[in-house]
1. Filter segment 160-205 for residues that are under 23 Å from Pro318 (Cβ atoms) and in contact with a helix residue (DSSP H, G or I) (Cβ under 7 Å, 6 or more places away or on another chain) and give the result.
2. Do we find a residue being under 20 Å from Leu93 (Cβ atoms) and either in contact with a Ser or Thr (Cβ under 9 Å, 6 or more places away or on another chain) or part of a strand (DSSP E or B) (or both) anywhere in segment 261-276?
3. Looking at segment 224-237 only, could you name the residues that are closer than 18 Å to Ile257 by Cβ and part of a helix (DSSP H, G or I)?
4. Has segment 287-310 got any residue that is polar (S, T, N, Q), under 30 Å from Asn193 (Cα atoms) and either outside the structural domain of Leu206 (by TED's automatic domain parsing) or in contact with a Pro (Cβ under 9 Å, 6 or more places away or on another chain) (or both)?
5. Are there helices (runs of 4 or more DSSP H) fully within segment 306-380 with at least 3 residues that are under 21 Å from the mean Cα position of the chain (by Cα) and surrounded by 14 or more Cβ atoms within 10 Å (Cβ to Cβ)? List them.
6. Only one of Gly227, Gly246, Gly252 is buried (at least 21 other Cβ atoms within 10 Å of the Cβ) and either within 15 Å of Leu347 (Cα to Cα) or free of Cβ contacts under 8 Å to residues at least 60 places away in the same chain (or both). Can you tell me which?
7. What strands (runs of 3 or more DSSP E), lying completely within segment 1-64, carry at least 2 residues that are within 43 Å of the chain's Cα centre (by Cα) and either buried (at least 16 other Cβ atoms within 10 Å of the Cβ) or at pLDDT 80 or above (or both)?
8. Does Ile233 meet the test of being touching a helix residue (DSSP H, G or I) at 6+ places or on another chain (Cβ under 6 Å), in the same structural domain as Thr88 (by TED's automatic domain parsing) and surrounded by 14 or more Cβ atoms within 10 Å (Cβ to Cβ)?
Amino acid sequence: MPRAKQDSWKYISGEKGANRVRVFVHRTGKLFVEYRRGFQKVRQSLGHADRQQAKKEADELAAELRQPDRREAVTVTTLFDSYERTVTPAKALSTQGHDRATIAHFRRIFGDAQRADELTTRDIARFEVERRRAGDMRPRKKSERGKHHPLKSRTIAYDLRLLKAILTWGMSAGFLERNPLATYKVLDDGTPNRPVFTESQYRALLATADSFPWQFGCLLVLCHESGHRLNAILSLQWRDIDLTNGRFTWRGEADKIGNEHVTPMTDLARQAIEDARRHAPGIGDAPVLPGVKDRAKPVGTDLARDWLQKAQVLAKLPPERGRGWHAFRRNFASELRHVGLRDLCDLGGWKDPMTVVKCYQRPSEDAMRAAQAGRRVLEG
């Protein structure tokens with residue numbers, strides 16, 4: 001039996017791209033109306049079959065859509081303020097600091113009256129020019145104050161990713177109907193410098209530990225053995241230490257990405273913890289590595305960085321830009337490349353395995369040769 005031909009009746013009112021309204025016969029036989037409100041396409045049933053009434057409703061709707069949108073435009077000030085109040089506090093402390101500092105740059109360069117939905121690539125270009133002109137404005141030593149410190153392109157890329165994230169959040173939160181920079185792609189300027197400490201360099205640093213307070217030697221061992229971030233290790237408290245079962249508890253509030261997890265201790269890490277207990281025994285929330293002057297607080301990150309820089313000079317290591325405490329974390333990921341990626345993430349506290357592969361593990365010729373030697377012939 002031949003298929004019945006669908007009724008092709010339709011009526012169009014208004015102008016395309018402005019207030020166009022179309023009523024038509026749906027495949028179900030009912031009258032439907034189709035139009036756009038803002039950037040959203042709307043299609044719905046009219047609930048009746050009266051074509052003359054449908055035309056009248058289409059004309060009325062087209063006239064309504066022709067009226068200017070009276071909704072108040074959302075400025076970057078409104079959007080940034082709401083993001084800082086609702087999203088930023090849920091992030092790690094260091095990330096909160098970056099959010100606030102970067103949003104301050106956006107406010108200064110874009111202006112408080114800038115509409116968020118009217119940002120363009122020209123605004124991005126202006127932001128980059130202004131940020132490079134101002135340079136790296138982080139606190140400096142007295143001898144370096146007043147100088148212009150160039151800003152790395154990776155820093156600008158990091159800032160722009162935050163802007164895109166805020167705009168995307170603005171859509172989901174109902175502030176924006178569209179992300180004006182949705183198609184803008186943030187580009188980095190190549191591979192960053194990510195040095196590591198070799199085994200011989202690590203041994204040379206250990207040999208200088210007697211020239212510093214006892215906390216430095218323990219910190220060296222814990223960074224090397226656990227592969228965790230400097231701040232996470234300095235934030236360790238005695239309640240996080242389980243010497244009976246040989247475990248660390250890494251609290252979420254002390255972790256950059258808020259990843260609370262438990263890892264086993266190596267024998268060398270246990271020895272470092274026992275050494276810390278002999279020097280500064282404590283319980284509960286007392287720091288494992290207390291400060292030199294104030295034992296109620298942990299060693300500060302700035303002091304730890306100063307120790308490492310001086311130790312590298314004493315150990316006569318060739319200078320290399322970017323080789324700080326985080327180099328031990330990269331070394332940890334590279335030396336354990338032979339274990340399963342899931343196990344490595346659990347040991348180092350990574351949530352995303354791709355972060356380990358892209359940012360931490362270094363190419364290894366020995367590993368590549370071993371992989372070639374273990375290649376198997378594909379049968380069939």
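1. Correct list: Pro192, Arg194, Pro195, Val196, Phe197, Tyr202, Leu205.
2. Applying the first criterion (under 20 Å from Leu93 (Cβ atoms)) to segment 261-276 yields 261.
After this cut, where a residue has to be either in contact with a Ser or Thr (Cβ under 9 Å, 6 or more places away or on another chain) or part of a strand (DSSP E or B) (or both) as well, the list is 261.
Yes, segment 261-276 contains at least one residue that is under 20 Å from Leu93 (Cβ atoms) and either in contact with a Ser or Thr (Cβ under 9 Å, 6 or more places away or on another chain) or part of a strand (DSSP E or B) (or both).
3. To start, the set of residues in segment 224-237 that are closer than 18 Å to Ile257 by Cβ comprises 226-236.
Correct list: Ser226, Leu230, Asn231, Ala232, Ile233, Leu234.
4. Kept after step one, since they are polar (S, T, N, Q), are these residues of segment 287-310: 301, 309.
From what's left, under 30 Å from Asn193 (Cα atoms): 301, 309.
From what's left, either outside the structural domain of Leu206 (by TED's automatic domain parsing) or in contact with a Pro (Cβ under 9 Å, 6 or more places away or on another chain) (or both): none.
Looking for residues that are polar (S, T, N, Q), under 30 Å from Asn193 (Cα atoms) and either outside the structural domain of Leu206 (by TED's automatic domain parsing) or in contact with a Pro (Cβ under 9 Å, 6 or more places away or on another chain) (or both), one finds none in segment 287-310, hence no.
5. Working: elements: 326-335, 341-348, 365-373.
Correct list: 326-335, 341-348.
6. Among Gly227, Gly246, Gly252, only Gly227 is buried (at least 21 other Cβ atoms within 10 Å of the Cβ) and either within 15 Å of Leu347 (Cα to Cα) or free of Cβ contacts under 8 Å to residues at least 60 places away in the same chain (or both).
7. On the way: elements: 10-13, 21-25, 31-37, 40-45.
So the answer is 31-37, 40-45.
8. Values: touching a helix residue (DSSP H, G or I) at 6+ places or on another chain (Cβ under 6 Å): yes; in the same structural domain as Thr88 (by TED's automatic domain parsing): no; surrounded by 14 or more Cβ atoms within 10 Å (Cβ to Cβ): yes.
No: the conditions fail for Ile233.
The values are calculated or read from the model by the stated rules, or taken from the named source; none is laboratory data. From a predicted model like this one, the values you see are computed outputs, not experimental measurements. Every residue, glycine as well, gets a Cβ built from its backbone with ideal geometry; the counts of neighbours run over all protein chains shown.
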